[in-house]
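The values are calculated or read from the model by the stated rules, or taken from the named source; none is laboratory data. Fair warning: this is a prediction, and the values are worked out from it, not measured in the lab. We place every Cβ from the backbone using ideal geometry, glycine too, and count neighbours over all the protein chains shown. The accessibility values were calculated without ligands, DNA or RNA, using every heavy atom of the protein model including side chains. Shrake-Rupley method; radii C 1.70, N 1.55, O 1.52, S 1.80 Å.
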Amino acid sequence: MRIARFTPPVDRDGQRSGDPLFGIVGRSPEGEETVLKITGDPLYSGIHPTGEVFLLADVRLLAPVIPRSKVVCVGRNYADHAAEFGSEVPPEPLLFLKPNTSVIGPLDSIVWPRQSQRVDHEGELAVVIGRLCKDVPREKAGEVIFGYTVANDVTARDLQKSDGQWARAKGFDTFCPLGPWIETELDPSDLAISVTVDGELRQSSRTSSMIFKIPEIIEYASAAFTLLPGDVILTGTPAGVGLMPPGCSVSVTIENIGTLENKVISRG
Ligand code: ZN
């Protein structure tokens, strides 16, 4: 099931509030993509359809989740990406955090900050946590996963190097695009993942090339942090990371989930 967060089209008599809604992405009998509105937030109140249906083309998709407390990220989790920067593959998952204020949705603009001369894309598979958990053994990791979405771990590469700590380089506002929706039924173990910039292929790999697999990452991360429903884990990026110049359009595609597209603009 695909769960989207969206704002509906403005209605003529102004009856609709414009507050974000959640819905199930599907198809009409005529073959058009649709969103069936559900009540409340599926992370807290389950999935209850209302019967109200919008055309997907008429709604504005938002980030499918605003992480309740944090985005946990894994660095150097594909050997080919570690090698392209001359780094060793870490013996244990290398974790860092992005603030939830960095999250934006599909088609929102990634803002190139004036402090950086090099802003890069990192296409990544994202895991959405479904319930409060701590010390989750890898065998039970599936029980705490709500679903999966697509992420771009936007990185100010020059500041990542000069700062040493990655909080600023990875944490600017707009540096965590998520979307287009959460896929709740997915085997994430061997999916094609790719990134294009203005249509040109930059990254292309499979999730089977991850060094630390998702159950292992959840075990490792939850041994350090309590995970809350709506927290998000980014699972690392394959080789081919590179510049996203202002004005470009960047798309991250993961098989069986979809494509997350964003434009890049200059802060000016
Ligand atoms: Zn990354």
message: Distance between the C-alpha centers of the range 130-189 and the range 50-83? Whole Å please.
response: 8 Å
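Just to confirm a number: summing +1 for Lys and Arg and -1 for Asp and Glu over residues other than residue 149 whose beta-carbon lies under 12 angstrom from that of residue 149, what do you get? Before the final figure, lay out the partial values.
Working: positive: 2, 5; negative: 124, 183.
For residues surrounding residue 149, the net value is 0.
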- line: Counting Lys and Arg as +1 and Asp and Glu as -1 over every other residue whose Cβ sits under 12 Å from the Cβ of residue 240, the net charge comes to -4
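What full-extension length gain, to one decimal in nm, is calculated for residue 88 and residue 163 as 0.36 nm per residue of separation minus the Cα-Cα distance?
Details: separation 75, 0.36 × 75 = 27.00 nm, distance 1.97 nm.
So the chain would gain 25.0 nm between residue 88 and residue 163.
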task: Sum -39500 (n - 2.57) across every DSSP H segment of at least 4 residues in the chain, then divide by the residue count to get the 222 nm mean residue ellipticity, nearest 500.
output: -2500 deg cm²/dmol
field: Simple label model, 7 Å out from Cα along Cβ direction - residue 114 to residue 259, nm
entry: 3.4 nm
- prompt: Using a 1.4 angstrom probe and counting only protein chains, how large is the accessible area of residue 33 in Å², to 10?
  reply: 80 Å²
- prompt: Which pairs in the list 70/170; 70/140; 98/134; 140/170 are over 23 Å apart, alpha-carbon to alpha-carbon?
  reply: 140/170
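Using 0.36 nm per residue of separation minus the Cα-Cα distance, give me the extension gain between residue 36 and residue 249 in nm, one decimal. Write down the numbers at each step before the final one.
Details: separation 213, 0.36 × 213 = 76.68 nm, distance 2.88 nm.
Between residue 36 and residue 249, full extension yields an extra 73.8 nm.
Of all beta bridges DSSP finds with both residues in the range 2-61, what is the antiparallel percent, to the nearest 5? Mind dumping the intermediate values first?
Values: 17 of 17 bridges.
If I count the DSSP bridges inside the range 2-61, around 100 percent turn out antiparallel.
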